[in-house]
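The values are calculated or read from the model by the stated rules, or taken from the named source; none is laboratory data. Small disclaimer: the values here were computed from a predicted structure and weren't measured. Heads up, the Cβs are rebuilt from the backbone with ideal geometry, glycines too, and the neighbour counts pull from every protein chain shown. When the accessible area is computed, the model is the full protein with side chains, heavy atoms only, and any ligands, DNA or RNA have been set aside. Shrake-Rupley method; radii C 1.70, N 1.55, O 1.52, S 1.80 Å.
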Amino acid sequence: SQQGEEDPQALSIQEGENATMNCSYKTSINNLQWYRQNSGRGLVHLILIRSNEREKHSGRLRVTLDTSKKSSSLLITASRAADTASYFCATATPSSSASKIIFGSGTRLSIRP
Amino acid sequence: DAGITQSPRHKVTETGTPVTLRCHQTENHRYMYWYRQDPGHGLRLIHYSYGVKDTDKGEVSDGYSVSRSKTEDFLLTLESATSSQTSVYFCAITAGQHNYGYTFGSGTRLTVV
């Protein structure tokens with residue numbers, strides 16, 4: 001079963017507005033990552049937040065992590081048409097051999113002009 | 001994506017035939033992964049490798065095998081393709097065991113008829 005689950009499944013907002021996506025997970029993690037996927041393309045790594053961090057910023061992206069609630073949020077400020085994509089959270093669980101990340105089902109974000 | 005290529009990009013094959021997908025990287029990364037992406041399931045881990053000849057199963061490994069004889073190449077083989085293996089397959093690489101983001105290939109769209 002999947003570790004991370006995003007909410008909402010789909011989100012449509014006006015250009016310039018902020019977009020917030022949430023991710024919940026079930027077990028302890030080393031880190032949580034967010035990825036973007038444009039239609040027909042591979043995934044692009046956006047940001048990684050470690051389990052001992054609570055907030056991280058990268059440009060217009062802000063990620064928070066609440067390990068007590070096993071949840072994370074991705075905020076995209078001042079959205080643009082180019083932000084239209086699917087966004088996935090992925091959790092990295094402790095492993096002796098390799099880092100393995102498990103993906104959620106994703107949030108489809110549409111930015112209306 | 002820079003440093004990682006998948007081949008072929010598209011393939012149509014018949015049920016019962018063997019199929020091999022190739023992932024090639026030029027980053028000299030130790031860790032390589034194969035995922036499949038299906039509607040409603042996000043990305044699911046098939047197999048991964050943590051070094052030459054070192055591989056392990058992911059969450060959906062039945063019907064798949066992998067091989068890694070060189071650092072740069074990670075092969076995914078469907079021994080006897082079935083219609084349920086129709087999917088988009090993504091290869092990913094990462095630089096280290098912990099707290100590194102993944103770089104994804106552009107994917108292989110496989111159709112089993």
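Starting from one equal scatterer on each C-alpha and no solvent at all, send me the Debye-based log10 I(q)/I(0) for segment A:72-113 at q = 0.14, 0.22 Å⁻¹, two decimals.
-0.46, -0.79
First select every other residue whose beta carbon is under 9 angstrom from the beta carbon of B:Leu45; then total the charges, Lys and Arg +1, Asp and Glu -1.
Values: positive: A:Lys100, B:Arg36, B:Arg44, B:Lys57; negative: B:Glu59.
My count for the surroundings of B:Leu45 gives +3.
Tally Lys and Arg at +1 and Asp and Glu at -1 over the other residues with C-beta under 12 Å from the C-beta of A:Gly40: what net charge comes out? Could the numbers behind the result be given before it?
On the way: positive: A:Arg41, B:Arg9, B:Arg109; negative: none.
Counting the neighbours of A:Gly40, the net charge comes to +3.
Give me a single rounded figure for A:101-109: the average over its residues of other chain Cβ atoms within 10 Å of their Cβ.
Details: counts 10, 7, 7, 2, 5, 5, 0, 0, 0.
Per-residue shielding by partner chains comes out at 4.
Per the Kirkwood treatment, what hydrodynamic radius in Å, one decimal, follows for chain B from the mean inverse distance over all distinct Cα pairs?
On the way: mean 1/r = 0.0719 Å⁻¹.
One over the average 1/r among Cα pairs gives 13.9 Å for chain B.
Mean separation of Cα pairs under 8 Å and 6+ residues apart, divided by the residue count of chain A: what relative contact order is that in percent?
Details: 289 pairs, mean separation 43.8, N = 113.
So the answer I get is 39 percent.
With springs only between Cα atoms under 10 Å, which of A:Leu32, A:Leu74, A:Leu11 fluctuates most in a Gaussian network model of chain A?
In the Gaussian network model the winner is A:Leu11.
Give a residue-ordered list of calculated ³J(HN,Hα) values for segment A:21-33 (Karplus: 6.51 cos²θ - 1.76 cosθ + 1.60, θ = phi - 60°; whole Hz; x for Gly, Pro).
10, 10, 9, 10, 9, 10, 10, 5, 10, 7, 7, 10, 10
Excluding ligands, DNA and RNA, what is the accessible area buried between chains A and B, summed over both sides, using a 1.4 Å probe, to the nearest 100 Å²? Can you show the working numbers first?
Values: alone 6230 and 6040 Å², together 10280 Å².
Roughly 2000 Å².
I want the local charge near B:Ser67. Using Cβ-Cβ distances under 9 Å, sum +1 for each Lys or Arg and -1 for each Asp or Glu among the other residues. Intermediate results must be reported in sequence, preceding the final value.
On the way: positive: B:Lys53, B:Arg68; negative: B:Asp73.
Net of charged neighbours comes to +1.
For A:Glu15, which sequence-distant residues (separation of 5 or more, or a different chain) have an amide H within less than 5 Å of its own amide H, given hydrogens modelled in the peptide plane?
Amide H neighbours of A:Glu15: A:Arg112.
Ranking request for peptides B:90-102, B:38-50, A:50-62: highest mean number of other beta-carbon atoms within 10 Å first, then the rest in descending order.
Details: B:90-102: 20.6, B:38-50: 18.8, A:50-62: 13.0.
Answer by packing, highest mean first, reads B:90-102, B:38-50, A:50-62.
Scan around B:Thr86 for amide H atoms under 5 Å from its own, H built in the peptide plane at 1.01 Å from N, and keep only partners 5 or more places away or cross-chain.
Those lying under 5 Å, H to H, from B:Thr86 are B:Val112.
What figure, in Å² to the nearest 10, do you get for the accessible area of B:Asp54 with a 1.4 Å probe and non-protein molecules left out?
Rounded to the nearest 10, that gives 60 Å².
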